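All remarks here apply to the structure that follows.
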Amino acid sequence: MTSAGPGRPRSQQPSRPGATARDEILDAAAELFTTHGFANTSTRSIADAVGIRQSSLYHHFKTKDDILEDLLEGTVLGGLVFARAVAALPGGEGTPGSRLHAVALYDGTQLCSSRWNLGILYHLPEARGGRFARFLAERQELRSLYGDLGGALSAAGPAATGNPGDLAFRLVESLVNLRADGMATPESPLQAADAGLILCGLGTELPAIREQSTALIARLG
């Protein structure tokens with residue numbers, strides 16, 4: 001038997017990615033929540049998947065809801081930090097279209113490249129409750145930043161309805177379902193970002209938008 005730290009014995013060598021026992025717990029919970037469901041996953045099954053005692057898990061997380069909260073926030077935090085950085089750029093840096101495209105591409109890549117498809121947890125009834133108010137506020141802030149960036153576009157195509165930024169936000173979040181259906185590819189985030197701009201009537205400007213978007217991601221991502 002090996003040790004995960006004082007008072008936290010392990011039944012086996014660590015086999016999950018993560019620099020700490022907390023990271024390994026999150027990885028195990030992410031797998032179980034996305035494959036077996038949140039309600040069907042117990043803290044004991046999470047502990048077993050990590051190779052620690054159930055009591056040791058409570059050293060890091062008091063409840064299963066605490067684990068879910070961390071996982072939910074992790075799905076939006078990277079995209080939110082990047083969107084804030086883009087929104088704070090001086091007016092002359094990047095066109096409105098390239099800014100929106102960069103945020104959509106970066107956010108979509110985060111959703112598609114994570115080890116587990118955690119975006120499907122958005123649909124949990126539990127995730128809509130007051131217990132997860134911080135996650136809901138962060139997701140709403142991200143959506144609002146999309147809206148602000150979309151509102152800066154000077155024109156919208158005939159197919160566009162509502163705010164272009166909100167349309168882009170919805171397209172990016174649709175990648176969660178695409179991934180759940182096994183249909184996501186490495187090109188899916190770019191396709192979603194492109195689609196948002198095309199539906200806003202900026203299809204002819206897409207090559208230049210992509211170039212500027214890539215530069216923004218390289219600098220701020």
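The values are calculated or read from the model by the stated rules, or taken from the named source; none is laboratory data. Computed from a predicted structure; not experimentally measured. Counting neighbours? That spans all protein chains shown, and the Cβs are built from the backbone with ideal geometry, glycine included. Areas reflect the complete protein model, heavy atoms only, side chains present, ligands, DNA and RNA absent. Shrake-Rupley method; radii C 1.70, N 1.55, O 1.52, S 1.80 Å.
Annotations for the structure displayed:
- Number of positions in segment 173-190 that are surrounded by 17 or more Cβ atoms within 10 Å (Cβ to Cβ) and over 19 Å from residue 75 (Cβ atoms): 1
- Enumeration of residues in segment 81-100 that are β-branched (Val, Ile, Thr) and open to solvent by 20 Å² or more (accessible area, probe 1.4 Å): 81, 95
- Hey, residue 56 crowded, with 16+ Cβ neighbours inside 10 Å and over 24 Å from the mean Cα position of the chain (by Cα) or not: yes
Listed here are the residues, each with its yes/no results for (1) closer than 11 Å to residue 101 by Cα; (2) within 17 Å of the chain's Cα centre (by Cα).
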position	(1), (2)
126	no, no
143	no, yes
151	no, no
171	no, yes
175	no, yes
197	yes, no
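- Members of segment 181-199 that are at pLDDT 95 or above, assigned to a helix (DSSP H, G or I) and among the small types (Gly, Ala, Ser): 188, 192, 193, 195
- Residue 32 vs. criteria at pLDDT 95 or above and either small (Gly, Ala, Ser) or closer than 18 Å to residue 110 by Cα (or both): no
- Sole exception among (1) basic (Lys, Arg); (2) under 19 Å from residue 78 (Cβ atoms); (3) surrounded by 15 or more Cβ atoms within 10 Å (Cβ to Cβ) for residue 134, by number: (3)
- Residue satisfying condition, being modelled with pLDDT of 95 or more, under 30 Å from residue 28 (Cβ atoms) and buried (at least 19 other Cβ atoms within 10 Å of the Cβ), within set 108, 78: 108
- Some residue of segment 200-221 being open to solvent by less than 50 Å² (accessible area, probe 1.4 Å), within 13 Å of residue 98 (Cα to Cα) and outside any helix (DSSP H, G or I): yes
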